[in-house]
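The values are calculated or read from the model by the stated rules, or taken from the named source; none is laboratory data. Note that the coordinates shown come from a computational prediction; the quantities given were computed from them, not determined experimentally. Every residue, glycine among them, receives a Cβ derived from its backbone with ideal geometry; neighbour counts consider all protein chains shown. Surface accessibility is based on the protein's heavy atoms, side chains included, excluding ligands, DNA and RNA. Shrake-Rupley method; radii C 1.70, N 1.55, O 1.52, S 1.80 Å.
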There are 2 protein chains.
Amino acid sequence: MRLATLRNDTPDGRLVVVSPDGTTCAPAPVSTMQQALERWSEIEPALLATATFPDALDPAQIMAPLPRAWQWLDGSAFQSHGDLMCQVLGMDPIETTVPLMYQGISDKFYGPLDDVKFPDEALGIDFEGEFGVIVDSVPMGTTATRALDHIKLVVQINDWSLRTLAGPEMKTGFGWVQAKPPCGMAPFAVTPDGLGDSWRAGRVCLNLNVDWNGKRFGAANGEPMGHGFHELVAHAARTRDLVAGTIIGSGTVSNANFREIGSSCIAERRGIEVIDLGEPRTEFMKFGDTVRMEAVDIGGRAPFGVLEQKVVRA
Amino acid sequence: MRLATLRNDTPDGRLVVVSPDGTTCAPAPVSTMQQALERWSEIEPALLATATFPDALDPAQIMAPLPRAWQWLDGSAFQSHGDLMCQVLGMDPIETTVPLMYQGISDKFYGPLDDVKFPDEALGIDFEGEFGVIVDSVPMGTTATRALDHIKLVVQINDWSLRTLAGPEMKTGFGWVQAKPPCGMAPFAVTPDGLGDSWRAGRVCLNLNVDWNGKRFGAANGEPMGHGFHELVAHAARTRDLVAGTIIGSGTVSNANFREIGSSCIAERRGIEVIDLGEPRTEFMKFGDTVRMEAVDIGGRAPFGVLEQKVVRA
């Protein structure tokens with residue numbers, strides 16, 4: 001099952017169930033995604049029972065599946081991403097056995113085709129292709145095994161980053177505020193079942209195709225997460241209850257064979273250039289640049305739909 | 001003017017205007033604090049015009065003034081706090097000219113008399129006495145000077161911290177997730193005007209009396225912030241729009257004469273012990289312990305009311 005949120009005159013939009021071919025939709029029995037997540041066990045059967053999809057789905061009307069959330073916690077679960085980021089930041093590898101995670105801005109997620117505004121090109125504008133999960137209410141202390149059942153939806157995320165600000169903020173130990181403005185989300189939230197064999201061991205085992213200004217930049221696969229999403233959820237819930245609608249991200253999708261399959265963010269390529277050439281060569285995004293992200297299965301289907309965003313001056 | 005939120009059957013409670021003596025209240029013309037903040041310029045005159053306070057104010061019914069927020073950004077604006085924390089963590093001083101700030105959990109703020117649950121005493125349970133401000137909608141790029149006008153309310157916060165987890169999380173550079181469960185808030189949100197002469201240069205110039213298990217632990221003053229709240233707001237808004245209802249914290253209130261006036265958190269006292277005795281001696285909180293926080297003016301008045309919380313096992 002796939003869900004989407006359409007624009008109306010509220011910040012939360014209105015929830016619809018998407019047809020199998022992604023071209024039509026049906027109104028959901030609750031108004032918003034947040035309401036569905038708060039009453040998931042009660043609402044899910046009605047969502048699943050949707051059999052007719054009377055309304056055409058206009059891509060321009062699609063918001064983020066959850067346009068704002070009470071909590072967004074982003075991990076960094078791909079080892080090759082972490083290694084390359086330390087290269088580009090000139091830092092030692094981070095020593096930790098538990099998942100890496102920070103809390104980011106959650107009051108706004110850009111829709112899949114929204115322009116994204118930044119104040120200055122000099123801030124090092126970068127995309128980050130990620131997967132994420134949305135949970136229902138998760139009690140403090142929930143184990144990773146039990147956390148799997150709390151993962152109700154899977155999403156595809158573009159975690160916008162400002163690299164000039166990221167290194168200095170990271171070095172304070174306080175994590176990122178200025179370096180992490182709002183993320184974008186692909187059109188469709190998909191149930192784990194809806195991903196079929198591509199959802200394995202709490203991981204989204206799909207290639208994430210990333211194109212920068214129309215040219216393929218990366219096609220990393222989501223499988224090699226060092227910690228699965230269920231482990232990220234358990235980590236987040238160790239000392240807090242997770243409110244229904246909490247979104248948890250994988251961090252930039254990255255594979256060890258990055259020289260063959262490319263990267264899901266520019267900073268990683270700059271890290272490779274540091275290794276290979278002694279210095280970064282690829283510049284960050286300019287106003288007017290676009291990035292397109294589409295996770296595809298072996299049949300070429302894109303369960304989350306297509307995210308394509310343009311960078312504009314604020 | 002002072003506002004409070006009373007329990008009802010919703011997570012947001014219902015907003016009331018508090019009488020000058022703090023014993024009675026009147027219903028506000030909008031249901032919730034969040035609604036008031038989203039329409040502040042329209043709602044504030046009606047709030048200010050409240051002349052009669054027909055209802056008794058029961059302290060047990062008081063929630064946090066904003067029981068959940070779309071965004072909570074906490075600074076660390078007191079230099080002596082930062083210095084002592086580096087002592088206790090065995091870290092070098094943080095080199096930065098801009099404010100220190102992290103994003104924390106905002107989907108829940110404990111009420112002033114709520115018990116606070118933690119999974120384990122061994123996690124180093126600590127309080128942090130702080131001040132905070134709540135803003136209306138702040139556009140990206142707002143200057144510090146203009147940010148002053150966006151500060152609509154001032155609050156008093158207890159930023160619960162788990163010190164055993166804090167050092168390792170900080171050393172990853174990702175900031176705190178497990179180490180920072182939900183905060184508590186004192187009963188009343190006060191307009192800057194309502195603080196009179198105690199609101200100066202974007203700072204809350206009041207002593208914050210902190211008692212641990214009934215014994216005075218600290219009485220630091222809020223004036224010596226290295227950056228005023230307006231500067232913290234501008235820092236937060238550099239690359240993002242701040243949603244109405246964003247709460248921004250000062251970090252632990254701390255003064256350079258900490259040996260005379262004490263501290264607003266246990267970790268600071270441990271830092272002093274590291275300097276004076278070579279090792280920390282004071283243990284963190286145990287289940288059943290209480291902390292009481294009350295900012296007072298020179299007349300002994302407590303504009304934010306009293307926060308008093310007990311630590312309990314989850």
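Kindly evaluate B:G129 against the criterion of being at the interface with chain A (Cβ under 8 Å from one of its Cβ atoms), modelled with pLDDT of 95 or more, over 13 Å from B:V312 (Cβ atoms) and open to solvent by less than 10 Å² (accessible area, probe 1.4 Å). Outline the logic, then answer.
Numbers: at the interface with chain A (Cβ under 8 Å from one of its Cβ atoms): no; modelled with pLDDT of 95 or more: yes; over 13 Å from B:V312 (Cβ atoms): yes; open to solvent by less than 10 Å² (accessible area, probe 1.4 Å): yes.
No: the conditions fail for B:G129.
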>> Please determine whether any residue of segment B:44-64 is open to solvent by 30 Å² or more (accessible area, probe 1.4 Å), in contact with an Asp or Glu (Cβ under 8 Å, 6 or more places away or on another chain), touching a residue at least 60 places away in the same chain (Cβ under 8 Å) and under 20 Å from B:R301 (Cβ atoms).
In response: no
> Looking at segment A:218-233, which of the residues that are open to solvent by 30 Å² or more (accessible area, probe 1.4 Å) and without any contact (Cβ under 8 Å) to a residue 60 or more places away in the chain is nearest to A:T145 (Cα to Cα)?
Replying inline: A:E223
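This table checks each residue for (1) in contact with a helix residue (DSSP H, G or I) (Cβ under 7 Å, 6 or more places away or on another chain); (2) among the basic types (K, R); (3) surrounded by fewer than 24 Cβ atoms within 10 Å (Cβ to Cβ).
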| site | (1), (2), (3) |
| --- | --- |
| A:L113 | yes, no, yes |
| A:V116 | no, no, yes |
| A:S137 | no, no, yes |
| A:K171 | no, yes, yes |
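When segment B:169-180 is examined, which residues are found to be at the interface with chain A (Cβ under 7 Å from one of its Cβ atoms) and of a type outside the set (S, T, Y)?
Narrowing segment B:169-180 to residues at the interface with chain A (Cβ under 7 Å from one of its Cβ atoms): B:170-175, B:177-178.
Selection gives B:M170, B:K171, B:G173, B:F174, B:G175, B:V177, B:Q178.
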>> Restricting to segment B:68-88, give me the number of residues that are within 9 Å of another protein chain (Cβ to nearest Cβ) and at pLDDT below 90.
In response: 0
> For segment A:234-282, how many residues are more than 14 Å from every other protein chain (Cβ to nearest Cβ), open to solvent by 10 Å² or more (accessible area, probe 1.4 Å) and assigned to a helix (DSSP H, G or I)?
Replying inline: 12
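Quick one: which residue in A:D197, A:D211, A:D159 is more than 14 Å from A:F304 (Cβ to Cβ) and within 14 Å of another protein chain (Cβ to nearest Cβ)? I'd like the intermediate steps shown before the answer.
Values: A:D197 fails: within 14 Å of another protein chain (Cβ to nearest Cβ); A:D211 fails: within 14 Å of another protein chain (Cβ to nearest Cβ).
Being more than 14 Å from A:F304 (Cβ to Cβ) and within 14 Å of another protein chain (Cβ to nearest Cβ) holds for just one of A:D197, A:D211, A:D159, which is A:D159.
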> Tell me, which residue of segment B:181-208 that is over 13 Å from the mean Cα position of the chain (by Cα) and farther than 17 Å from B:N221 by Cβ is surrounded by the most Cβ atoms within 10 Å (Cβ to Cβ)?
Replying inline: B:P181
> What are the residues in segment B:71-92 that are over 16 Å from the mean Cα position of the chain (by Cα) and hydrophobic (A, V, I, L, M, F, W, C), if any?
Replying inline: B:L84, B:M85, B:C86, B:V88, B:L89, B:M91
>> Whether any residue in segment B:93-101 is away from chain A (no Cβ under 14 Å) and modelled with pLDDT of 95 or more is what I want to check.
In response: no
> Under 6 Å by Cβ, and 6 or more places apart or on different chains, what pairs join a residue from segment B:295-314 that is within 14 Å of another protein chain (Cβ to nearest Cβ) and within 19 Å of B:D114 (Cα to Cα) with one that is among the β-branched types (V, I, T) and surrounded by 18 or more Cβ atoms within 10 Å (Cβ to Cβ)?
Replying inline: B:V311/B:V116; B:V311/B:I125
